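Shown next, in structure tokens, is the structure this report addresses.
The values are calculated or read from the model by the stated rules, or taken from the named source; none is laboratory data. Everything quoted here is computed from the prediction, not taken from an experiment. Cβ sites come from the backbone with ideal geometry, for glycine too, and all protein chains shown count toward neighbours.
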Amino acid sequence: MTRIYIAGHRGMVGGAILRRMQARQSDGEDLTLITRTHAELDLTNQAAVRDFMQSETPEIVILAAAKVGGIVANNSYPADFIYENMMIECNVIHQAFSAGVTRLLQLGSSCIYPRSAPQPMREDALLTGVLEPTNEPYAIAKIAGIKLCESYNRQHGTDFRSIMPTNLYGPGDNFHPENSHVLPALIRRFHEAVEEGRNEVVIWGSGTPRREFLHVDDMAEASLFVLDLPHEEYISNTKPMLSHINVGSGTDVSILELAQTVADITGFTGNIELDTSKPDGTMRKLMDVSRLAKMGWTARIGLREGIEDSYRWYLENRETARG
């Protein structure tokens, strides 16, 4: 029996991974899935994480727990974003090592790359330039997570892996009006405009920045694909100090095009206005996913299909999803 701890199982990504693991159980795999809510285990508490790891003795750890948010949240709470994420990573990764965990998968973010990184962004663009100021604290924390995994691998011979997803969306997303990412924010905004009979929706910025999106179910599949890779295959496709792997769809869309798609799916037929006084953020963020494709995995869920799925989930869970 394999004991697997999924940190962050109530989040969008962790929840999708948990569903995949439960499906494996149903298919007959001998797995013990270990989860804890934030109320049960504060991952920023070193002693609590140490005691948990020593008592539960997981063999595999999937670190999907993080403090996340959009531009507004990152700008408003920079200290919270860098402190909480670094503490989570330090505690989980170190205590996993101390407890003898045989394999760990850490999930990061595409914001680790420099603001002016050549597009599409390759893994070797890491630490080659200045980060996007609006989410620099979060990005630095995620870079630290990569380097923690690599450093434990180099010094202690562990098998700790890192994957860097692009913008994720889907069931379990955060639809809070201020703290959500762009896609769930647009879904809520356009839906409420239809509900209230408004004929105008305002979106932030110029509409020209381009973003890549990946459905969370694709992300969960990619996570388990990388986790399941034989150690020799993983290290043969990475480097000791450049071991992280990009995960994305390999295609991008402008924010205005995204808004138009969401408007169509939600049934909004009014005007889309651009508030150019608001920040655009990085003008383009497209991942180079050739490293993962070479290993044998590519995304399968198209953007429109994925947004339709996300919108259905929002309609079914509006009371809890609205924040």
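General remarks:
- Inspection of segment 239-253 identifies at least one residue that is over 22 Å from residue 115 (Cβ atoms) and free of Cβ contacts under 8 Å to residues at least 12 places away in the same chain.
- Just one of (1) of a type in the set (Ser, Thr, Tyr); (2) surrounded by 14 or more Cβ atoms within 10 Å (Cβ to Cβ); (3) without any contact (Cβ under 8 Å) to a residue 12 or more places away in the chain fails for residue 320. It is (2).
- Scope segment 186-231; condition farther than 20 Å from residue 64 by Cβ, assigned to a loop (DSSP other than H, G, I, E, B) and under 16 Å from the mean Cα position of the chain (by Cα); matching residues: none
- The set of residues in segment 84-104 that are more than 14 Å from residue 151 (Cα to Cα) and under 18 Å from the mean Cα position of the chain (by Cα) comprises 84, 85, 86, 87, 88, 92.
- Odd one out for residue 279 among (1) closer than 27 Å to residue 74 by Cα; (2) at pLDDT 95 or above; (3) surrounded by fewer than 17 Cβ atoms within 10 Å (Cβ to Cβ); (4) of a type outside the set (Ser, Thr, Tyr): (2)
- Figure legend. Inter-residue proximity from segment 1-23: first residues more than 18 Å from residue 57 (Cα to Cα), second residues of a type in the set (Ser, Thr, Tyr) and part of a strand (DSSP E or B), beta-carbon distance below 9 Å, spacing 6+ or different chains. Indicated pairs: 12/169.
- Pairs, first over 24 Å from residue 203 (Cα atoms) in segment 150-178, second among the polar types (S, T, N, Q) and surrounded by fewer than 18 Cβ atoms within 10 Å (Cβ to Cβ), C-beta under 7 Å, six or more apart: 159/102
- Residue list for segment 170-207, restricted to those being closer than 21 Å to residue 316 by Cα and either among the polar types (S, T, N, Q) or in contact with a His (Cβ under 7 Å, 6 or more places away or on another chain) (or both): 170, 174, 179, 180
- Considered as a group, the residues in segment 282-307 that are among the charged types (D, E, K, R) and modelled with pLDDT of 95 or more include one that is farthest from residue 209 (Cα to Cα), and that residue is 294.
- Pair list, Cβ < 9 Å and 6+ apart or interchain, from segment 192-221 residues that are at positive phi to residues that are β-branched (Val, Ile, Thr) and part of a helix (DSSP H, G or I): 205/255; 207/255
- Residue within segment 65-80 that is farther than 20 Å from residue 220 by Cα, surrounded by 21 or more Cβ atoms within 10 Å (Cβ to Cβ), modelled with pLDDT of 95 or more and not aliphatic (A, V, I, L, M) present: no
- At least 1 residues being touching a strand residue (DSSP E or B) at 6+ places or on another chain (Cβ under 7 Å) and under 22 Å from residue 180 (Cβ atoms) is the threshold, and among the strands (runs of 3 or more DSSP E) wholly inside segment 16-122 those reaching it are 103-107.
- Candidates 138, 152, filtered to the one that is in a helix (DSSP H, G or I), under 28 Å from residue 91 (Cβ atoms), within 16 Å of the chain's Cα centre (by Cα) and modelled with pLDDT of 95 or more: 138
- The residues in segment 232-243 that are in a helix (DSSP H, G or I) and crowded, with 18+ Cβ neighbours inside 10 Å can be counted, and the count is 1.
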